[in-house]
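The values are calculated or read from the model by the stated rules, or taken from the named source; none is laboratory data. As the structure is a prediction and not an experimental result, all values here were calculated from the model. Methodologically, a virtual Cβ is constructed for each residue, glycine included, from the backbone with ideal geometry; neighbour enumeration extends over all protein chains shown.
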Amino acid sequence: MDVSCSNSLIESSVYTQRNLDVSELLIDYLDQLSIEYVFGIPGGAIEPLYNAMARSARCDGPRCIVARHETGAAFMADGYACQTGRVGVCCATTGPGATNLITGVASAYANNVSMLVITAQTALSTFGKGAFQESSCTGINTVGMFEFCTRYNTLVSHAEQFERKLVAALMTACGSPHGPVHLSIPLDIMRSPLGISAPSYDIQRLLESPSLLDTDALAQLCDILSDAGDIVFVIGEGASEAIGAVLTAALALNAKLLTTPHGKGLVSPYNPLFCGVVGFAGHASAVNALKNPDVVICIGTTLGEWASSGWDVNLLLNKRLIHIDEQESNFIYTPMAKLHVRGRIITVFEQLLQHLGGFLDSEYLQKQRPACVSDETVTRSFVLDDEAAFFDNSSPIKPQRLMRELPKIFPPHTRYFADTGTSFAWAIHYLHPFDRRMMGTRNAHGGLFRACLEFAPMGWAIGCVVGAALAKRDQPVVCITGDGSMLMSGQEITVAVQEQLPVIFVVLNDGALGMVKHGQRLSGAESVGTEIPCTDFVAFAKGMGADAYSINSPEDLAVLDGRELVQRNRPTLLDVHIDPEAVPPISARIRVLQEGV
């Protein structure tokens, strides 16, 4: 240990024995939860928290990551949370700092991401006086603004309230459903001494998840499955923790495997039971699998617009459906289901496997277990919309061909984050990493693919990959984004530069807001407001300290050594000039928009 840290520890120990202030107690709780980073931007009103983080960082405790925009900070906290299974933490100063966070917090709310949001207020004594950046109930009421995009939201008006409210907030963030929680803390409260020397609560114990199970519903499920022939599993993002048990059960039952767009990264695309993605940008083979099954079992999904092909009653939302979920609120989307199975998904499937073990022994499962795939010899049991474009050699590169090439140049365990727009449409349908984890991994936090499909803010993936890369520096991450999103949030690349993160940013450069442009064409609307001036993203990235390459053809990609790129101590941007006339697989979305008229 160096001298500065040793001295800091002595000072911290003496100070802690005397009296913790609110900011220091907050950091102690984050340290208890092994949370390494707080994402945000400093300011005068939140200075006590940054002082506490500075002292903490000197001793390898939680430290600050300075974003370039508060929305980016929330996206980074999102990426960190989903990669680690811990709470993501972001913070902002009072006034515009707090309001800038809202889009990222709203996105976390819509996607059930555990997030602690800390915002500052001017000192209590200045409320109602028109203080600089005042955001109290008598100014620009930021607590009121967060009311509709958080699961717990409060102003800490007395120092004595803080610990109790913090613990309540953390328990809510990690409850069911997960989501963001918000504490707004005035400057004077933030630096108030508390008269305690250590946290009063064992927060780790309070956040332990019980393995709850509706045993009667499980018994009904087993009875139904014993008589069913053609079974289909539809796997959503909520099945992440249980994916190993879910895939083993599918193998035992010879069930077809589908995923929702959110659940795409949980199943190897080369698993012989996999029939594709259902819903937005999904596959015709997935639709075919749902035409006449005996039972459809949906696992860990809301079955909203994106997952249900625009609430298609013929396809999914009918009486063949069995819905398994630990978030009971998800059942409001499936009132027509023949059975709702409430419980922690890992517990449900472990119990189901015990039942199946009565007539399927381990020797049978071992014989049926699919072999790991090879990068060179892969087959898939799902069908792409445009196979020709998937293999097209022309220039500018087809986005379909780009998605085919990315898994070839990057390591098999690379995690892909697809941004809002045509980026996530192309990636959902055509991006298929060489995933060797045929039977899944218990306690995995997400899979090899993530998209933000509910609130769907542009630029989400740009910040999210930074948080994900910080969470697990040994796992390569690739952000697939568009030129519109990059112009909106590309400044966050400098955070990856500053933190020496080997993040890969793949920019689909077509000189347009592609989702809107193609949506207008497909729906017969006026063509308006979609053009973007030609931007040199190579110069853009190099100007911020990143490496960058211009890509026009499959050959340009082939000469890149992706494994070397993800081992550098800095990010890399690929400015990919795609065919602007290639039509993305967004017909389901267009249908919903037209039916809503």
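Just a few scattered comments:
- With respect to (1) more than 26 Å from the chain's Cα centre (by Cα); (2) on the phi > 0 side of the Ramachandran plot, the lone exception for A289 is condition (2).
- Selection status of V117, under 14 Å from S184 (Cβ atoms), in contact (Cβ under 8 Å) with a residue 40 or more places away in the chain and in contact with a helix residue (DSSP H, G or I) (Cβ under 6 Å, 6 or more places away or on another chain): yes
- Count of residues meeting criterion [farther than 21 Å from G244 by Cα and in contact with a strand residue (DSSP E or B) (Cβ under 7 Å, 6 or more places away or on another chain)] in segment 215-233: 4
- Residue within segment 570-578 that is in a loop (DSSP other than H, G, I, E, B) and either modelled with pLDDT under 95 or within 22 Å of E387 (Cβ to Cβ) (or both) present: no
- Any chance V87 is in contact (Cβ under 8 Å) with a residue 60 or more places away in the chain and under 22 Å from the mean Cα position of the chain (by Cα): yes
- Some residue of segment 534-550 being surrounded by 16 or more Cβ atoms within 10 Å (Cβ to Cβ), farther than 20 Å from S489 by Cα and modelled with pLDDT of 95 or more: no
- Exclusive hit being among the charged types (D, E, K, R), surrounded by fewer than 24 Cβ atoms within 10 Å (Cβ to Cβ) and out of contact with any Gly (no Cβ under 9 Å at 6 or more places or on another chain), set E499, E531: E499
- Among the residues of segment 452-492, those that are crowded, with 23+ Cβ neighbours inside 10 Å and modelled with pLDDT under 95 comprise C452, L453.
- F505 vs. criteria modelled with pLDDT of 95 or more, of a type in the set (A, V, I, L, M, F, W, C) and either more than 21 Å from L406 (Cα to Cα) or in contact with a Cys (Cβ under 6 Å, 6 or more places away or on another chain) (or both): yes
- Taken as a whole, segment 27-42 holds at least one residue that is more than 22 Å from the chain's Cα centre (by Cα) and either at pLDDT below 95 or not in a helix (DSSP H, G or I) (or both).
Let's see how each residue does on (1) over 21 Å from T150 (Cα atoms); (2) of a type in the set (S, T, Y); (3) without any contact (Cβ under 8 Å) to a residue 60 or more places away in the chain; (4) in the same structural domain as G104 (by TED's automatic domain parsing):
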position: A168; (1), (2), (3), (4): no, no, yes, yes
position: M171; (1), (2), (3), (4): no, no, yes, yes
position: G179; (1), (2), (3), (4): no, no, no, yes
position: S184; (1), (2), (3), (4): no, yes, no, yes
position: L187; (1), (2), (3), (4): yes, no, no, yes
position: R191; (1), (2), (3), (4): yes, no, no, yes
position: G195; (1), (2), (3), (4): yes, no, no, yes
position: A198; (1), (2), (3), (4): yes, no, no, yes
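- Verdict on T93 being β-branched (V, I, T), closer than 19 Å to I189 by Cα and modelled with pLDDT under 95: no
- Within segment 303-321, considering residues that are within 24 Å of R450 (Cβ to Cβ) and of a type in the set (S, T, N, Q), the one modelled with the lowest pLDDT: S309
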